[in-house]
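Written below as structure tokens is the structure these notes are about.
The values are calculated or read from the model by the stated rules, or taken from the named source; none is laboratory data. Keep in mind that what you see is a predicted model, and the values were worked out from it rather than measured. Cβ sites come from the backbone with ideal geometry, for glycine too, and all protein chains shown count toward neighbours.
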Amino acid sequence: GAVVSQHPSWVICKSGTSVKIECRSLDFQATTMFWYRQFPKQSLMLMATSNEGSKATYEQGVEKDKFLINHASLTLSTLTVTSAHPEDSSFYICSARVPPGTANSPLHFGNGTRLTVT
Amino acid sequence: AQSVAQPEDQVNVAEGNPLTVKCTYSVSGNPYLFWYVQYPNRGLQFLLKYITGDNLVKGSYGFEAEFNKSQTSFHLKKPSALVSDSALYFCAVRDIRDNYGQNFVFGPGTRLSVLP
């Protein structure tokens, strides 16, 4: 089955530093990947759609300069949280669909990254 | 606009008993419906989906879901719950006209606890 690998699974960083999270599709090529944020006991909030070879599409209210997304290859998308602050502490999850990716295709998720900013 | 409601934050059931996790949806066109399960500090795992055809859909780990168009519901069910089924369950909907994934809407989640 389709596997999405996310790394690291958890990270602790100091306030003001930047953190990079990687999302890889291991056995398929993903032209589009999705980044979600999940607060405790809440649902997933779509942050942005990452498109290979072009700029990401951000959801309303998500700061694109703070959450930098790069999708440089068909198997890798990265999310960089710049100048992290404690309020950025959260669980970040990426997902992708196996091409051709029609509307009835399920999303395949990474295992998430728990970010704690101290 | 699409939306998904899961009216119960928490469902408790005894091991061996049947379980139901409720989901209702709202979408302008015809829906594709999905159920996912999330274990602590993990991503979401796909359980099952409804596209068309038979209203009763069978999925992974013995789960099934029943699509009811008149009630706009897609409740998740399992005849006999296991302690290992304890997790967070998400219902999701997508408009069939959407091929790019931006309109994949998740419900708020229901925490299922199966008691031994």
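Filtered by the rule that a residue be farther than 21 Å from residue A:105 by Cβ and of a type in the set (S, T, N, Q), the stretch B:49-87 gives B:68, B:70, B:71, B:72, B:73, B:80, B:84, B:86. Residues in the stretch B:21-37 that are part of a loop (DSSP other than H, G, I, E, B) and at pLDDT 95 or above: B:22, B:23. Restricting attention to the stretch A:48-68, the residues that are over 19 Å from residue A:117 (Cα atoms) and under 10 Å from the mean Cα position of the chain (by Cα) add up to 3. If you filter the stretch A:25-47 down to residues that are under 29 Å from residue B:108 (Cβ atoms) and more than 10 Å from every other protein chain (Cβ to nearest Cβ), you find that the one that is surrounded by the fewest Cβ atoms within 10 Å (Cβ to Cβ) is A:40. Filter the stretch A:69-85 down to the residues that are over 23 Å from residue A:116 (Cβ atoms), among the hydroxyl-bearing types (Ser, Thr, Tyr) and in contact with a Ser or Thr (Cβ under 7 Å, 6 or more places away or on another chain) and list them by number. The one that is over 23 Å from residue A:116 (Cβ atoms), among the hydroxyl-bearing types (Ser, Thr, Tyr) and in contact with a Ser or Thr (Cβ under 7 Å, 6 or more places away or on another chain): A:75. I need the full set of residues from the stretch A:70-118 which are facing chain B (nearest Cβ under 7 Å) and polar (S, T, N, Q), in order please. Within the stretch A:70-118, A:102, A:104, A:111 qualify.
More than 23 Å from residue B:95 (Cα to Cα) and crowded, with 22+ Cβ neighbours inside 10 Å - does that describe any residue in the stretch A:96-106? Within the stretch A:96-106 (the criterion being more than 23 Å from residue B:95 (Cα to Cα) and crowded, with 22+ Cβ neighbours inside 10 Å), the answer is no, since none of the residues qualifies.
Okay, residues lined up against (1) among the hydroxyl-bearing types (Ser, Thr, Tyr); (2) touching a residue at least 24 places away in the same chain (Cβ under 8 Å):
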| position | (1), (2) |
| --- | --- |
| B:15 | no, yes |
| B:20 | yes, yes |
| B:56 | no, no |
| B:79 | no, yes |
| B:93 | no, yes |
| B:110 | yes, yes |
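Kindly evaluate residue B:54 against the criterion of being away from chain A (no Cβ under 11 Å) and at pLDDT 95 or above. Here the answer is no, as residue B:54 does not meet what is asked. Just one of the listed residues (A:41, A:55) is within 25 Å of residue A:12 (Cβ to Cβ), in contact with a strand residue (DSSP E or B) (Cβ under 9 Å, 6 or more places away or on another chain) and of a type in the set (Lys, Arg), namely A:41. The residue pairs whose first member lies in the stretch A:54-71 and is in contact (Cβ under 8 Å) with a residue 12 or more places away in the chain and loosely packed, with under 13 Cβ neighbours inside 10 Å, whose second member is part of a loop (DSSP other than H, G, I, E, B) and of a type in the set (Val, Ile, Thr), and whose beta carbons are closer than 8 Å, counting only pairs six or more residues apart or on different chains, are A:65/A:82.
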